[in-house]
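A quick write-up on the structure given underneath.
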Amino acid sequence: MKIRNYLSAGILISAALFFAYDIINDLNAGSDSYSHIIVELIVCMAITAVLFQELKRVASLKHAVQSEKIKTARLSGELFKVMNKQFSDWGLSPSEHEVALLLIKGMTMKEISDLRQVKEKTVRQQATQVYAKSGYAGRHELAAHFIEDLMLEKK
């Protein structure tokens, strides 16, 4: 997307510069009619106006993207707080808490055991405890517990 924006801006700048150069040459040479020069001037002004509109649009989009990144970071932090509170309410141990987070992230038992440097059997036992304490049958239900509210339509 960035390359396309730069390419578009480059083309518009080149066209505006070409028309400005052509108008100056036409005025210096005195060989073209004033109607021809006026048409070129109008085209040059139109291209310049479009260029500035596109630059404003790109700046606006950059601002919107930055704003959304901030909102996403805030929501992520709030979700993490909600998850921590719920894990505490379920009475998860620190190890179970960590396993629950990694399960929700979608990691496999093997990946979790490698990351935590424990046996896969240990991770499976801790996952079983997480599911028992939470009342859910598996990672999908566990994850759904936390994202269900995010998916509800706002009225």
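Values quoted throughout were computed directly from the atomic coordinates according to the rules given, and no laboratory measurement underlies them. These figures come from a predicted structure and were not determined experimentally. As a convention, Cβ positions derive from the backbone with ideal geometry for all residues, glycine included, and neighbour counts pool all protein chains shown.
Those residues that are within 18 Å of residue 110 (Cα to Cα), assigned to a helix (DSSP H, G or I) and either in contact (Cβ under 8 Å) with a residue 60 or more places away in the chain or touching a helix residue (DSSP H, G or I) at 6+ places or on another chain (Cβ under 7 Å) (or both), I need them from the range 132-148; list them, please.
Pass one, the range 132-148, residues within 18 Å of residue 110 (Cα to Cα): 138-140.
Keeping just the survivors that are assigned to a helix (DSSP H, G or I) gives 139-140.
The answer is 139, and nothing else.
Would you mention how many residues in the range 1-43 are within 30 Å of residue 61 (Cβ to Cβ) and over 31 Å from the mean Cα position of the chain (by Cα)?
Narrowing the range 1-43 to residues within 30 Å of residue 61 (Cβ to Cβ): 1-20, 42-43.
Of the ones still in play, those that are also over 31 Å from the mean Cα position of the chain (by Cα) are 14-20, 42-43.
Number of matching residues: 9.
So, in the range 1-16, exactly how many residues are surrounded by fewer than 13 Cβ atoms within 10 Å (Cβ to Cβ) and of a type in the set (A, V, I, L, M, F, W, C)? Step through it out loud before you land on a result.
Step one: filter the range 1-16 for residues surrounded by fewer than 13 Cβ atoms within 10 Å (Cβ to Cβ), giving 1-4, 6-7, 10-11, 14.
Among the residues that remain, those that are also of a type in the set (A, V, I, L, M, F, W, C) are: 1, 3, 7, 11.
So the answer is 4.
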TODO: Taking the residues in the range 86-117 that are closer than 17 Å to residue 141 by Cα and in a loop (DSSP other than H, G, I, E, B) as candidates, determine which candidate is farthest from the chain's Cα centre (by Cα).
DONE: 92
Task: Filter result for the condition that a residue is under 30 Å from residue 145 (Cα atoms), among the hydrophobic types (A, V, I, L, M, F, W, C) and touching an Asp or Glu at 6+ places or on another chain (Cβ under 9 Å), over 79, 102, 12 - done: 102
Open item on the list: It is to be established whether one or more residues within the range 62-85 are assigned to a helix (DSSP H, G or I), of a type outside the set (A, V, I, L, M), in contact with a helix residue (DSSP H, G or I) (Cβ under 8 Å, 6 or more places away or on another chain) and within 30 Å of residue 131 (Cβ to Cβ).
Closed with: yes
